[in-house]
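Encoded as structure tokens, the structure appears first; notes follow it.
The values are calculated or read from the model by the stated rules, or taken from the named source; none is laboratory data. Nothing here was measured: the structure is a model prediction, and the numbers come from that model. Using ideal geometry, Cβ is built from the backbone for each residue, glycine included, and neighbour counts are taken over all protein chains shown. These area figures cover heavy atoms from the full protein model, side chains too; ligands, DNA and RNA do not enter into them. Shrake-Rupley method; radii C 1.70, N 1.55, O 1.52, S 1.80 Å.
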Amino acid sequence: MRILISNDDGIYSPGLAALAEVASKFGEVRVVAPDVEQSSMSHAITSSRPLSYRQTPIASFQGKFEAYRVNGTPADCVALGAHNWEGVDAVLSGINLGTNVGSAVWHSGTLAAAKQAALLGLRGIAFSTPVTESEPDFPSLAPWVEKTLRLLLAQQNLPLVNVNIPIQPAGICWTRQAIQHYDGRVVPAKDPMGRSHYWYTVVPIDQAEAGTDRWAMARNHVSITPLRLDLTDDELLRRERTRLGCNDDGVTK
Ligand code: MN
């Protein structure tokens, strides 16, 4: 099995090395990641300039995995990675330094790498974990990453999955994406010269509906959310087609 590893935190992220290490138990691993951090870049692609794809000797990878850095986005990395390595079976993204639950899924570059895989007809799985004052303890998370991968890779028709791993997991929970709260906040502040500026940031929200990704993480459970590329709201589409008397292809009278 050929497993391509990417992320949005960049080629030097400890989370990337941790994921590559676990993935190597399941097959042949190659790392293709952005040369600098691309967090919150979502599914952007670089279409106005050419991209480079350079083999990168990183000490922690040497002798174990080939690693390449790309001066582009996570989606670019997966596109180039799959182009330059025939027969990729799965793309794993992460382990992101920071959770990707609820509405963060829209902004996440980590998720975008997995989505790009799904667009290319490959399997995509994104992994994220919370960041506290200290960096995540990746060795303690590794068994949970392995357990999750064993579960997911054994199942054929799971093209796109979002996995979040709490600091001290107590179990695994299959969840849906929390959508009731959008946690984006504009925070005004002053720079050292007294000029106004703004941080657009994400602040934690306490309540979460049962069965959601945010809820599972709050209960220290690994959250596994199967996602789909089709964003169509089937219920609303049906309603409007019926209301407007459309034919079976949706064409209005
Ligand atoms: Mn990130």
Taking the chain as a Gaussian network, where each spring joins two C-alpha atoms under 10 Å apart, which residue of Gly72, Gly184, Gly27 fluctuates the most? Gly184
Give me the 1.4 Å probe accessible area per residue for the chain, excluding ligands and nucleic acids, in Å². 54
For region 50-75 and region 104-160, distance of Cα centres in Å: 19
For Lys64, which lysines qualify as cross-link partners when the Cα separation must be under 30 Å and same-chain residues fewer than eight apart are set aside? Lys25, Lys115, Lys147
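Could you calculate the FRET efficiency of Ser52 with Lys25 from 1/(1 + (r/R0)^6), where r is the beta carbon distance between them and R0 is 35 Å, rounded to 0.05? Each step should come with its number before you reach the end.
On the way: r = 31 Å, r/R0 = 0.88.
Given R0 = 35 Å and the Cβ-Cβ separation, E is 0.70.
Give me the percent of DSSP beta bridges within the chain that run antiparallel, rounded to the nearest 5.
35
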Let me have the relative contact order for the chain, percent, based on Cα pairs under 8 Å that are six or more residues apart. 17
Could you order Asp8, Asp35, Asp233 by accessible surface area, starting with the largest, using a probe radius of 1.4 Å? Asp233, Asp35, Asp8
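About the Cα centre of the chain, what is the dipole size in debye to 20, counting +1 per Lys and Arg Cβ and -1 per Asp and Glu Cβ, all else neutral?
Values: 23 positive and 26 negative charges, 54 e Å.
Dipole magnitude for the chain comes out near 260 debye.
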So if I restrict to the alpha-carbon atoms in the chain, what is the Rg, and what is Dmax, the biggest pairwise distance, in Å? 19.5, 65
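Calculated FRET efficiency, Ser196 and Ala218, Cβ-Cβ r, R0 45 Å, to nearest 0.05? Intermediate values should be presented prior to the final figure.
On the way: r = 35 Å, r/R0 = 0.77.
Computed FRET efficiency for Ser196 and Ala218 comes out at 0.85.
Remind me, what semi-axes does region 7-62 give for its equivalent ellipsoid, largest first in whole Å, using sqrt of 5 times each Cα gyration tensor eigenvalue? Numbers along the way, then the final one.
Numbers: eigenvalues 99, 35, 25 Å².
Taking √(5λ) for each eigenvalue gives 22, 13, 11 Å, largest first.
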If I compute solvent accessible area with a 1.4 Å probe over the protein chains, what percent of it on the chain is carbon and sulfur? 53
Dipole-positive endmost among Ala118, Thr175, Leu229 within region 114-235 (Cβ charges, Cα centre): Ala118
For Cα pairs less than 8 Å apart in space and 6+ apart in sequence, what is the mean separation divided by the residue count of region 1-122, i.e. the relative contact order in percent? 36
Given backbone amide H placed at 1.01 Å from N, residues whose amide H is under 5 Å from that of Asn96, ignoring those fewer than 5 places away on the same chain, are Phe127, Ser128, Thr129
